[in-house]
Amino acid sequence: MTFSPFSHHAVLAVLLFAASQGYSQTDAGLSSTVAPPSGGEADWITGSNVSLGGKLVPHIHIDSSYGTATRDQAELRVGHHDPIRRDGINVTNLEVGISGRLDEHNEFFITYAGPIGEGDSFDGVIEEWFWKFKNLPGAFEIRAGQFYNRFGIHNTYHPHGFDWVDQYLMSGRLIGDDSMVTIGAEVSWRAPVPWTSQFDVGFGVGPPHEEEEEAPFFGQYHQHESSFAEDGFITSVNWTNVYNYNDFNQFRGGLSGAWGENHSGYQSSIYAAHFEYQWRENGFEPGGHYFRVRSEAMVKRFKVEDELGLVLDPVTQQDFGCYVSALYGCPNNLEFGLRGEFVPGNGETTQDARLRVSPGITWYANAARTVRVRLQYNYDHSNAFGNDHGIWAQVSLAWGGPEVR
């Protein structure tokens, strides 16, 4: 699908024209954490409270970036929505969706999204489509369809919810260039304790996807071979706890695991831990300064066939990744951030160690945060390509109310 009528410059002009509005994020890691539309007057500029009959809520998201790096982006990008070209405009995400809130027990969500890639072609797919049964007896909730697995914190976010211009190294290496996705069902349960303690179990198969024409190799193996196969059964579990120490300090932590058949017909498994601390000057009230530090770590174990298919019982390989991200927000809608990431090397598969440090600053145009402007610098070091320096400016536009998650 091509977008010949729309040049990159035209898209950027639209984004800059819209930059008098703002941007919103959704915490998709927990079920039922987002309030439905308030029922107030519809704001057609930001999309807030815009709905059809108070039940169908539309969403539109556009993310665009411009920047440069000392190396080709093909060697640096790890995510499907990462910038694909340097010294040029990247439309990294065009997304339309709809949330349905039919009654106290039934909701649904559908979203279609993708970047504009090489040749100005739109690489779009239906990323999520699911029905949610909520407020069930025993504090249960069920999602059925195609969904981003509740796995740690970051996996559930779409690009418009990213804190950074690009995908985490850890996610790109261990999960793939998109989030972990399952077609099946996911059951969530809230434990009857004074804090929020949620258990999620997902099961199903991986969604179909287009194979890369020239899949990259690590050692004698294809990089994508260790990813979960589209026709293989996948099981994921997630346990997340959120504890409000008081109105101003919140802690969050949990563990995750996923198991499934990979593209080589062997098994891959991923184990993860996540932690977050958040302080807000005004507590549960809006406004004021805030500080948030978030960290996740993953370990992946897998077997994959060799390039020629000669090894009958391949050796089990292991991979690892982690990141730490800190954000400090001010009442003037400025947000300062610092991210550190690391993935190690592997002599068996000749995957290279990589370290990336990214300071950034984000400005939200209004309290609704429906437009953000972000500036980010990447210091990227690898034993293979040495040091790389990149700088990216991003403009993001969101329209519509909160999504069903």
Virtual spin-label span in nm between PHE385 and ILE126, 7 Å along Cα→Cβ:
3.6
Check: C-alpha center region 250-286 vs C-alpha center region 78-115, spacing in Å is 21
Extending each Cα 7 Å along its Cβ direction at CYS330 and GLU118, get the distance between those two points in nm, one decimal.
4.2
Using each residue's phi in region 145-155, evaluate 6.51 cos²θ - 1.76 cosθ + 1.60 at θ = phi - 60° and report the 3J(HN,Hα) Karplus result to the nearest Hz, with x for Gly and Pro.
x, 10, 9, 6, 4, 6, 9, x, 10, 6, 4
Surface/4 of the Cα convex hull for region 48-114, nm²
5.9
Of the options GLY340, ALA368, TRP399, report the single residue whose Cα projects farthest towards the positive end of the charge dipole of region 271-403 (beta-carbon charges: Lys, Arg +1; Asp, Glu -1).
ALA368
May I ask you to compute the full-extension gain from ASP72 to LEU56, defined as 0.36 nm times their residue separation minus their alpha-carbon distance, rounded to one decimal in nm?
1.5 nm
Just to be sure I follow: if Rg is taken over the C-alpha atoms of region 364-405 and Rh is the Kirkwood radius over the same atoms, what is Rg/Rh?
1.24
Any idea what diffusion coefficient region 92-183 gets from Stokes-Einstein, in µm²/s, Kirkwood Rh on alpha carbon pairs, 20 °C, 1.002 mPa s?
146
Once both labels are modelled 7 Å past Cα along the beta-carbon direction, what's the ALA139-ASP313 spacing in nm?
4.6
Could you tell me the calculated FRET efficiency between LEU102 and LEU255, based on Cβ-Cβ distance and R0 = 41 angstrom, to the nearest 0.05?
0.75
Provide, as a two-decimal number, the C-alpha radius of gyration of region 325-405 over 2.2 N^0.38 Å, N being how many residues it has.
1.44
³J(HN,Hα) computed for each position of region 107-113 - Karplus, 6.51 cos²θ - 1.76 cosθ + 1.60, integer Hz, glycine/proline x
9, 8, 8, 9, 9, 10, 8
Per residue of region 192-207, in order, report the coupling 6.51 cos²θ - 1.76 cosθ + 1.60 (Karplus, θ = phi - 60°) as ³J(HN,Hα) in whole Hz, putting x for Gly and Pro.
x, 10, x, 9, 7, 10, 10, 10, 10, 10, x, 8, x, 10, x, x
Write down Rg/Rh for region 274-388, rounded to two decimals, with Rg from the C-alpha atoms and Rh from the Kirkwood relation over Cα pairs.
1.15
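All of the numbers you see were taken from the coordinates with simple rules; none came from a lab. Since we're looking at a predicted model, the values are computed, not measured. Glycine also receives a Cβ, built like all others from the backbone with ideal geometry; neighbour counts cover every protein chain displayed.
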